[in-house]
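Enquirer: The structure follows.
The values are calculated or read from the model by the stated rules, or taken from the named source; none is laboratory data. Not measured: the values here are computed from a predicted model. As a convention, Cβ positions derive from the backbone with ideal geometry for all residues, glycine included, and neighbour counts pool all protein chains shown.
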Amino acid sequence: MTSHPALTGDLSLLSPRDIRLYLDDFDDLTLDLRGEIHKRIGVHRAFPLNAPAKFIVLQNLDGSEIGIVRDLGDLDSDSRDALEIALEQAYFMPRILKINSIISNFHVPTWDVETDRGHRVFEIPSSRRDVRVIDDVRVILRDADGNRYEIVDYRRLDPDSIAFVETIV
């Protein structure tokens, strides 16, 4: 029988009773950890694709880890709302609705797309590294500036857009 380590024992999980999260006057996430105030908190998901509401890492400005929120649902409603807003800002990901064109110059494709946030034009530095296909239909793209874009199900796009996607997946 294989033994699995108790991973939660190695994580610095924050107790929901000990924390309060809120947005300050500049809309920066602030953490009150048992009376100790941490300003301008950074957030990222440990498992962004598989469990978006679980294991949220909180970091100081210097990138050092303060601790991990095990589950958004365990927080009080005000803290949960503040953390959800911070996550939305950190994981801004427009959904691609239509691909107008993909033109390669010197092996760097430039995408011209329509998204749920408007028209965008961006470059994908490496199709191998910056294009991920999930569950055979969902596509996540990362542009040269680190912005991410999502195609929820490329098969639901118009025929021309589907043809563009099928050339890269």
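Here is a yes/no grid of residues against (1) under 19 Å from residue 93 (Cβ atoms); (2) assigned to a loop (DSSP other than H, G, I, E, B):
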{"position": "20", "(1), (2)": "no, no"}
{"position": "25", "(1), (2)": "no, yes"}
{"position": "31", "(1), (2)": "no, no"}
{"position": "37", "(1), (2)": "no, no"}
{"position": "44", "(1), (2)": "yes, no"}
{"position": "47", "(1), (2)": "yes, yes"}
{"position": "57", "(1), (2)": "yes, no"}
{"position": "62", "(1), (2)": "no, yes"}
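Enquirer: I would also like to ask the following. With the structure loaded, tell me whether residue 133 is more than 30 Å from residue 16 (Cβ to Cβ), surrounded by 14 or more Cβ atoms within 10 Å (Cβ to Cβ) and under 16 Å from the mean Cα position of the chain (by Cα) or whether it fails that test. Talk me through it step by step, then tell me what you get.
Expert: Values: more than 30 Å from residue 16 (Cβ to Cβ): yes; surrounded by 14 or more Cβ atoms within 10 Å (Cβ to Cβ): yes; under 16 Å from the mean Cα position of the chain (by Cα): yes.
For residue 133, the condition - more than 30 Å from residue 16 (Cβ to Cβ), surrounded by 14 or more Cβ atoms within 10 Å (Cβ to Cβ) and under 16 Å from the mean Cα position of the chain (by Cα) - is met.
Enquirer: Which of the following residues is out of contact with any Lys or Arg (no Cβ under 9 Å at 6 or more places or on another chain), under 22 Å from residue 18 (Cα atoms) and surrounded by fewer than 12 Cβ atoms within 10 Å (Cβ to Cβ): 36, 65, 88? Lay out the reasoning, then the answer.
Expert: Details: 65 fails: surrounded by fewer than 12 Cβ atoms within 10 Å (Cβ to Cβ); 88 fails: under 22 Å from residue 18 (Cα atoms).
Only one candidate qualifies: 36.
Enquirer: Also, quick follow-up: For the range 113-125, give me the residue count where each residue is of a type in the set (D, E, K, R) and assigned to a strand (DSSP E or B).
Expert: Of all residues in the range 113-125, those of a type in the set (D, E, K, R) come to 114, 116-117, 120, 123.
Remaining after also requiring assigned to a strand (DSSP E or B): 114, 120, 123.
Result for the range 113-125: 3.
Enquirer: Restricting to the range 30-52, what's the tally of residues that are polar (S, T, N, Q) and touching a strand residue (DSSP E or B) at 6+ places or on another chain (Cβ under 9 Å)? Walk me through it before giving the result.
Expert: Taking the range 30-52 and keeping what is polar (S, T, N, Q), we get 30, 50.
In the following step, the residues that additionally are touching a strand residue (DSSP E or B) at 6+ places or on another chain (Cβ under 9 Å) were identified as 30.
Count: 1.
Conditions (1) of a type outside the set (Ser, Thr, Tyr); (2) assigned by TED's automatic domain parsing to the domain that holds residue 15; (3) over 22 Å from residue 50 (Cα atoms); (4) part of a helix (DSSP H, G or I), marked per residue:
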position	(1), (2), (3), (4)
82	yes, yes, no, yes
85	yes, yes, no, yes
103	yes, no, yes, no
111	yes, no, yes, no
132	yes, no, no, no
150	yes, no, no, no
162	yes, no, yes, yes
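Enquirer: Determine if the range 124-145 includes at least one residue that is modelled with pLDDT of 95 or more and at positive phi.
Expert: There is no residue in the range 124-145 that is modelled with pLDDT of 95 or more and at positive phi.
Enquirer: Considering the range 131-165 alone, what residues qualify as being over 16 Å from residue 112 (Cα atoms) and among the charged types (D, E, K, R)?
Expert: Correct list: 132, 135, 136, 138, 153, 155, 156.
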